[in-house]
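Reviewing the structure listed below.
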Amino acid sequence: MTIEKLNNTLSAIDEVNRQDPNTILFNGTSQVKELIYGQQMTDCLKQYWPEANELLQIAVRAQHIKRWQLKRTEFADGKAGYYQWRIAQGKFHAQLTASIMITQGYQAEQAEQCAAIIRKDNLKTNSDSQTLEDVACLVFLMHYFDAFATKYTEQDNEAKIVHIVQLTWKKMSEQAHDIALSLTLPDHLAIIVNKALA
């Protein structure tokens with residue numbers, strides 16, 4: 001591993017994400033949405049998978065690179081359109097990341113390996129792809145679950161958010177399950193998780 005090359009690549013990903021026109025409230029201030037998300041992903045990886053390899057570190061940071069480019073509204077309504085959008089996003093994130101890596105001096109083979117992780121190719125047999133999925137699910141639970149839950153409970157549709165948690169749980173490894181169960185969630189969120197896992 002070349003630390004300088006890795007750090008330059010992560011910085012280049014951050015520079016792209018810094019252009020995100022969308023913001024979120026984070027630590028009491030308005031922050032650039034995908035820039036913060038990438039950093040939350042890296043923080044989670046470092047905390048629970050400190051020995052993660054170089055390509056996985058890049059893939060985790062780039063999970064949502066330039067996510068605002070492909071808009072959900074450009075795809076059909078409903079579940080089929082949503083999945084088409086998700087697949088297109090994965091390919092876009094992977095291609096953009098690979099091009100950044102090559103610019104930073106990585107070999108084409110390394111760039112493609114990283115792209116495969118981002119696309120989540122062979123999810124159940126590629127441990128790096130599974131770890132990326134685990135990190136994304138954990139970051140959702142730690143940082144975005146409350147807003148999702150509030151949206152659906154305000155619509156008096158708790159069943160929907162319970163179902164979302166069940167779908168999220170199915171994507172996760174046993175290790176990620178253990179980590180998720182160790183998280184200290186607010187009582188109203190812990191109740192939803194308990195219902196989902198009942």
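Quick notes on this structure:
- Criterion applied to Gln63, Gln84 was being in a loop (DSSP other than H, G, I, E, B), at negative phi and not aromatic (Phe, Trp, Tyr), and the one residue passing it is Gln63.
- Answer from Ala196, Ala176 - the residue that is at pLDDT below 95 and either closer than 22 Å to Gln130 by Cα or not charged (D, E, K, R) (or both): Ala196
- Pairing residues of the stretch 108-122 that are among the small types (Gly, Ala, Ser) with residues that are part of a helix (DSSP H, G or I) and buried (at least 21 other Cβ atoms within 10 Å of the Cβ), at Cβ distances under 7 Å and at least 6 apart in sequence or on separate chains, gives Ala111/Ala98; Ala111/Met101; Ala115/Ala94; Ala115/Thr97; Ala115/Ala98.
- Any pair with Cβ under 7 angstrom, 6 or more apart, that starts in the stretch 4-31 at a residue that is in a strand (DSSP E or B) and ends at one that is surrounded by 18 or more Cβ atoms within 10 Å (Cβ to Cβ) and of a type in the set (D, E, K, R): Thr23/Lys33; Ile24/Lys33
- Options Asp146, Asp128; residue that is of a type in the set (Asp, Glu), closer than 28 Å to Val16 by Cβ, buried (at least 16 other Cβ atoms within 10 Å of the Cβ) and touching a residue at least 12 places away in the same chain (Cβ under 8 Å): Asp128
- Among the residues making up the stretch 1-51, a single one is over 18 Å from Ala136 (Cα atoms) and in contact with a Gly (Cβ under 7 Å, 6 or more places away or on another chain): Lys5.
- Matching residues, the stretch 40-59, being over 14 Å from the mean Cα position of the chain (by Cα), free of Cβ contacts under 8 Å to residues at least 60 places away in the same chain and within 14 Å of Ile118 (Cα to Cα): Glu54
- Any hit, the stretch 178-189, residues being in contact (Cβ under 8 Å) with a residue 60 or more places away in the chain, outside the structural domain of Ile58 (by TED's automatic domain parsing) and surrounded by 14 or more Cβ atoms within 10 Å (Cβ to Cβ): yes
- Taking the stretch 122-143 as the range and being among the aliphatic types (A, V, I, L, M) and either touching a Gly at 6+ places or on another chain (Cβ under 6 Å) or not in a helix (DSSP H, G or I) (or both) as the test, only Leu123 passes.
The values are calculated or read from the model by the stated rules, or taken from the named source; none is laboratory data. Here the structure is a predicted model, which means the values were calculated and not measured. Here the Cβ is made from the backbone with ideal geometry for all residues, glycine too, and neighbour counts use every protein chain on show.
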